[in-house]
1. Report the FRET efficiency, 1/(1 + (r/R0)^6), for residue 86 and residue 45, where r is their Cβ-Cβ distance and R0 is 35 Å, rounded to 0.05.
2. Assuming R0 = 51 Å, what is the FRET efficiency of residue 203 and residue 55, from their Cβ-Cβ distance, to the nearest 0.05?
3. Report the extension gain between residue 173 and residue 1 in nm, rounded to one decimal, defined as 0.36 nm multiplied by the number of residues separating them, less their alpha carbon distance.
4. Out of 90, 33, 215, any idea which swings most in a Gaussian network model of the chain, alpha carbons joined below 10 Å?
5. Starting from the Cα of residue 27, step 7 Å along the direction of its Cβ; do the same at residue 72; then give the gap between the two resulting points in nm.
6. Could you quote the convex hull projected area for region 113-188, Cα atoms only and averaged over all directions, in nm²?
7. Going by accessible area, probe 1.4 Å, with all protein chains left in place, what is the ranking of 20, 188, largest first?
8. Can you grab the distance from the C-alpha centre of region 122-166 to the C-alpha centre of region 1-74, Å, no decimals?
Amino acid sequence: MINTEDLTVREVRAVGALAEMRALQLDVLGDHLRLGKSQTYVVVRKLASAGLIHHPLLSVQAGAKWVVPTPAAVAWMLGWRAGDWRPTPLSAEHCRAVAQTRVALGAYASHAWMSERVMRHQTPGPGRYPYDGRLILPDWQCVAVKVDTTRYLTPEDFTHRLHTIYYQARHDQCVKVLYVCGGYIRPESATEIATQVSRYGADLDFMAVSLDALLAQHRGMRQSDGGLVLAMRHRATGGPH
């Protein structure tokens, strides 16, 4: 049984982010809400008392604990029932990287980001969606965002992955693919192969960036007027948002 009557706007936003992303670590949830550690704990305690998250919080390997919404909370927020998903050692790294990417791109609001969970629900099929999120720009154009944390990919496997992403991104009427490299593939290699893949279909722009660089520049933006991360966001999204 959940109690949503006394939730603040910020707490509803927290439930929305958790439902969309399946789960978030405490530090990433704080970044998403733009709150400090102690303030994030206050929100989490409120959600736990309302029956909206599993308690105690889940530990998966090292790092911050995971805040996992209950199926009832997901249904309340998204409007449909979902399984009682929990992060595993295999999925935790990727889920964290995707959530960090969303925050680094400034896509805090639901209208600025369509998560893989929502896209998969809207387009049923086997396995995960070909990319991890759809960044929605102020002019309503969309960018397909793929966050890659795989430890090894052959050039052939990567080429096949790009073909699949391009096909789905075109179907979804995206204008760009943003490939975030957090694993084996580096941005230079991704761009080189993408150039070959898109040779006969130049309708989609492609940009690759390392996850570390994206996060570093996001941290720099929080401490300055924007700098390089703002310029990169212009390239990735077509303008500030």
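1. The computed FRET efficiency comes out at 0.95.
2. After rounding, the FRET efficiency stands at 0.60.
3. Contour length minus Cα-Cα distance gives 58.0 nm.
4. 90
5. Here the answer is 3.3 nm between the modelled labels.
6. Details: hull surface 21.3 nm².
Dividing the Cα hull surface by four gives the mean projection, 5.3 nm².
7. Result of the area sort, largest leading: 188, 20.
8. Cα centroid of region 122-166 versus Cα centroid of region 1-74: 26 Å apart.
The values are calculated or read from the model by the stated rules, or taken from the named source; none is laboratory data. In this text, all values refer to a predicted model and were calculated from it rather than measured experimentally. Note that we place each Cβ from the backbone using ideal geometry, even for glycine, and neighbour counts take in every protein chain shown. These area figures cover heavy atoms from the full protein model, side chains too; ligands, DNA and RNA do not enter into them. Shrake-Rupley method; radii C 1.70, N 1.55, O 1.52, S 1.80 Å.
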